[in-house]
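Peer 1: Structure below; questions to follow.
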Amino acid sequence: MKAILRNITTAEDKKLLAVLIDPDKMELTALPSFIEKVNDSIATHIFVGGSTVEDNVTQVFVAVLKPLTQLPIILFPGDVTQISKTADAILFLSLLSGNNPEYLIGKHIKAVSKLKETNLEIIPTGYLLIESGVETAVQRVTLTTPISRVNTQLIVDTAKAGELLGMQLIYLEAGSGAKAAVPLEAVKAVKKELSIPLIVGGGIRSKTQLEATYNAGADLVVIGTAFEEDEAFFDALKE
Ligand code: 1GP
């Protein structure tokens, strides 16, 4: 097991927080001051990615970002065009909640030749989109239907199938800017079944919600929108 996955897997009670930066939503000029806030916060990881980033913008973005932080930079790509050599790792995501072969295995095949040219740590990750009230960008781009938020059994079985297929992480996603985050009941039920780390993201906007998500069993929480909208949220989390 390589360093970044080992660090997530062995974190035990240490609750991990990834700040998600979407290169499509942040100007390069705004990056240094934003990263200063990230470095000074409780964040443990930086995720970079988005559903609709223009071709090759991510490479430039990560090259500017890398010297600004000591935190591990993990690609969270919406597409093959978001692979950047300068990052530390990549979540090799398979969208297990949907039936679109392109997002289950198709894009992965296209990524292989690009990944061979990098030293990125590749982390196989089962990605589950959970219904969050409104249509999300992931849903639009992948043309898949999320799992019903009340169908806890299907969420658990899908996550477990991912683990049995050899995924190293499971990511429960409500979608960026989701109105409703992943139900805590689903987080609890999935955590009970899994022996690999659990990532939860989408629609988490307060310290109370963050703590509740950790208490339900998330090992790593991903937050993007709440930081984008109000950088004071970094300080609120420290209090
Ligand atoms: C989206 O889970 C992440 O992929 C983060 O979502 O932007 O709603 O925090 P938010």
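Each reported figure results from applying straightforward, stated rules to the coordinates on display, with no laboratory input. All values reported here derive from a predicted model rather than from experimental measurement. Positions of Cβ are generated from backbone atoms using ideal geometry, with glycine treated the same way; all protein chains shown enter the neighbour counts.
Peer 1: Based only on other Cβ atoms within 10 Å, what is the fewest-to-most ordering of D13, D219? Don't skip to the answer; put the middle values down first.
Peer 2: Values: D13 6, D219 22.
The order, fewest Cβ neighbours first, is D13, D219.
Peer 1: Taking H as built 1.01 Å from N, whose amide H comes closer than 5 Å to the amide H of S176, not counting residues under 5 places away?
Peer 2: A137, V138
Peer 1: Rounded to the nearest 500, what is the 222 nm mean residue ellipticity of the chain from helices alone, with -39500 (n - 2.57) per DSSP H run of 4+ residues and division by all residues? Could the numbers behind the result be given before it?
Peer 2: On the way: 10 runs with 86 residues, N = 239.
Calculated at 222 nm, the ellipticity per residue is -10000 deg cm²/dmol.
Peer 1: Could you tell me which of I35, T52, I8 has its Cα farthest along the dipole of segment 1-114 towards the positive end, charges placed at Cβ (Lys, Arg +1; Asp, Glu -1), taken about the Cα centre?
Peer 2: So the residue furthest toward the plus end is I8.
Peer 1: Using mean Cβ contacts within 10 Å as the protection proxy, how do 94-104, 172-182 order, highest first?
Peer 2: Working: 94-104: 18.4, 172-182: 22.8.
Packing order, densest peptide first, comes out as 172-182, 94-104.
Peer 1: Neighbouring Cβ atoms within 10 Å as the yardstick, rank V221, V200 fewest first. Could the numbers behind the result be given before it?
Peer 2: Values: V221 22, V200 28.
Least to most surrounded, the residues fall as V221, V200.
Peer 1: If you plug each phi of segment 172-179 into the Karplus form 6.51 cos²θ - 1.76 cosθ + 1.60 with θ = phi - 60°, what whole-Hz ³J(HN,Hα) values come out, in order, with x for Gly and Pro?
Peer 2: So the Karplus estimates, Gly and Pro as x, are 8, 10, 8, x, 5, x, 4, 5 Hz.
Peer 1: Sticking with this structure for a sec: Residue by residue through segment 204-215, which ³J(HN,Hα) values in whole Hz follow from phi under the Karplus form 6.51 cos²θ - 1.76 cosθ + 1.60 (θ = phi - 60°), with glycine and proline marked x?
Peer 2: 8, 10, 9, 5, 4, 5, 4, 5, 5, 5, 5, 5
Peer 1: Between segment 163-239 and segment 71-109, how far is it from one alpha carbon centroid to the other, in angstrom?
Peer 2: 19
Peer 1: Could you give me the ³J(HN,Hα) list for segment 147-155, computed from phi with Karplus coefficients 6.51, -1.76, 1.60 and θ = phi - 60°, whole Hz, x at Gly and Pro?
Peer 2: 6, 4, 5, 9, 8, 4, 4, 5, 4
Peer 1: Something else about it: Report, ordered by chain and residue number, the aspartates and glutamates lying within cross-link reach of K66, taken as a straight Cα distance under 14 Å and ignoring same-chain residues fewer than 8 apart.
Peer 2: E36, D88
Peer 1: Taking 28 Å as the cut-off for C-alpha to C-alpha distance, list the pairs among K37/K160; K14/K116; K2/K110; K2/K85 that go past it.
Peer 2: Values: K37/K160 36 Å; K14/K116 33 Å; K2/K110 23 Å; K2/K85 17 Å.
Violating the 28 Å Cα-Cα cut-off are K37/K160; K14/K116.
Peer 1: At a threshold of 8 angstrom on Cα-Cα distance, excluding pairs fewer than six apart, so keeping six or more, what relative contact order does the chain reach in percent?
Peer 2: Details: 481 pairs, mean separation 45.0, N = 239.
Computed over the chain, the figure is 19 percent.
Peer 1: Rounded to a whole number, what is D in µm²/s for segment 1-101 from Stokes-Einstein with the Kirkwood radius over alpha-carbon pairs (37 °C, 0.692 mPa s)?
Peer 2: On the way: Rh = 14.4 Å.
Value of D from the Cα-based Kirkwood radius: 228 µm²/s.
Peer 1: List the relative contact order of segment 118-238 as a percent without decimals, with contacts defined as Cα pairs under 8 Å and 6+ residues apart. Working shown, then result.
Peer 2: Working: 211 pairs, mean separation 28.6, N = 121.
For segment 118-238, the relative contact order is 24 percent.
Peer 1: Taking neighbour Cβ counts within 10 Å as the exposure measure, how do T10, T44 sort from fewest upward? It would help to have the intermediate numbers written out before the result.
Peer 2: Values: T10 10, T44 17.
Listing T10, T44 from fewest to most nearby Cβ atoms yields T10, T44.
Peer 1: Still on this structure, I have one more. Between beta-carbons, use under 14 Å as the cut-off and find the net charge around E117, counting Lys and Arg +1, Asp and Glu -1. Write down the numbers at each step before the final one.
Peer 2: Numbers: positive: K85, K110, K114, K116; negative: none.
Summing Lys and Arg as +1 and Asp and Glu as -1 gives +4.
Peer 1: What's the magnitude of the charge dipole for segment 3-143 around its Cα centre, counting Lys and Arg as +1 and Asp and Glu as -1 at the beta-carbon? Answer in Debye, nearest 20. Numbers along the way, then the final one.
Peer 2: Details: 12 positive and 16 negative charges, 69 e Å.
Its charge dipole is roughly 340 debye.
Peer 1: For the chain, place one equal point scatterer on every Cα, skip the solvent, and apply the Debye formula. What is log10 of I(q)/I(0) at q = 0.08, 0.10, 0.14, 0.17 Å⁻¹?
Peer 2: -0.26, -0.41, -0.86, -1.36
Peer 1: Sticking with this structure for a sec: Mind giving me the FRET efficiency for E36 and A137? R0 is 41 Å, r the Cβ-Cβ distance, nearest 0.05 is fine.
Peer 2: On the way: r = 28 Å, r/R0 = 0.67.
So the FRET efficiency works out to roughly 0.90.
Peer 1: Would you calculate the convex hull of the Cα atoms in segment 119-239 and tell me its volume per residue in Å³?
Peer 2: Cα-based convex hull of segment 119-239, divided per residue, equals 127 Å³.
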